[in-house]
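The values are calculated or read from the model by the stated rules, or taken from the named source; none is laboratory data. None of these values were measured; they are calculated from a predicted model. A quick note on method: Cβ atoms are made from the backbone with ideal geometry, for glycine too, and the neighbour counts reach across all protein chains shown.
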């Protein structure tokens, strides 16, 4: 049966920081929701990935949320859950700029359409777009590495995406796996109620110097080089190191952040190393990060031999109709804002060129 197709100039997939930034700049460029652009978001409400963060991650504990373009966040109670603070802020933003986000809408596939357009297939219908700004982030693709014996473990295994608070682990022994900021935050939180062991593949590097503008440019440039070559983006911490905050220094003094080498296999009752050491545990908490949620773009065959998608700025080199925001160097709140502006500028140039060709 034929499916009705709605035509739109630009489809934005995702309504987190990057997607809302793109919507704002599309508005400023003269496009309007409807025939101009549509924002599709699979989440039940505003807030992007923040709405799924564990309740004990208060706004005061979270990384700084860079304000969206055109509207300040204003005062936020540091003791309030970050999910609520950001969710409310994003909701106000969507209303203020009349972005008319459609949700919940799951985008199943983006493929080649008719007349040089992109066909965006969703559970709410099909859109035909001249350009696509993809802002799907990483939250939907938690990464769990495999270790021998993993399926035999009799305790509990979970990823940080499923963590809801320390209370449920009271009195347990928790092995936290991963060398990122989330691992450090969870270790400090769990230490009040549980015994913890921290394991990482590489020794963690804590940076005590200022995270200033020059440092930021160097970090972004490093990630940009990778994505331009079509390699998968590195994690932010692999480039920047971990912030040595006062809370982190106190945790180090208490022995909470004493790191062990990565184990080699998992046993029914714990983990084991190649040298014969074993450790019994009740829980393995995988703080092993996320991967870019790009499976819906697979029909466009954008990936390079290196496994990533080659991007110049935000533009996909294999298909200039497609822009990735919140990917690689723009996978931060401030980077997402800039990426939204960059993507819209190039998309408008693409649309203008199409109109010129149509009248020739």
Of the residues 326, 306, 276, only one is assigned by TED's automatic domain parsing to the domain that holds residue 116, surrounded by fewer than 21 Cβ atoms within 10 Å (Cβ to Cβ) and either part of a loop (DSSP other than H, G, I, E, B) or touching a strand residue (DSSP E or B) at 6+ places or on another chain (Cβ under 7 Å) (or both); which?
306
Per the list (1) within 25 Å of residue 105 (Cα to Cα); (2) in contact with a helix residue (DSSP H, G or I) (Cβ under 6 Å, 6 or more places away or on another chain), residue check on residue 287 breaks on (1)
Right, residue 36: surrounded by fewer than 23 Cβ atoms within 10 Å (Cβ to Cβ) and at positive phi or not?
no
Long-range neighbours under 6 Å by Cβ, at least six apart or interchain, first residue touching a residue at least 40 places away in the same chain (Cβ under 8 Å) and in the same structural domain as residue 280 (by TED's automatic domain parsing) within segment 256-267, second surrounded by fewer than 14 Cβ atoms within 10 Å (Cβ to Cβ) and part of a loop (DSSP other than H, G, I, E, B):
262/201; 264/274; 265/148
Take the conditions surrounded by 13 or more Cβ atoms within 10 Å (Cβ to Cβ), under 22 Å from the mean Cα position of the chain (by Cα) and without any contact (Cβ under 8 Å) to a residue 40 or more places away in the chain and apply them to residue 289. Does it pass?
no
Residues of segment 53-69 being at pLDDT 90 or above and surrounded by fewer than 23 Cβ atoms within 10 Å (Cβ to Cβ), which ones?
69
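Each row is one residue, and each column tells you yes or no for (1) farther than 30 Å from residue 319 by Cβ; (2) in contact with a strand residue (DSSP E or B) (Cβ under 9 Å, 6 or more places away or on another chain).
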site: 43; (1), (2): no, no
site: 57; (1), (2): yes, yes
site: 105; (1), (2): no, yes
site: 111; (1), (2): no, yes
site: 120; (1), (2): no, yes
site: 123; (1), (2): no, yes
site: 135; (1), (2): no, yes
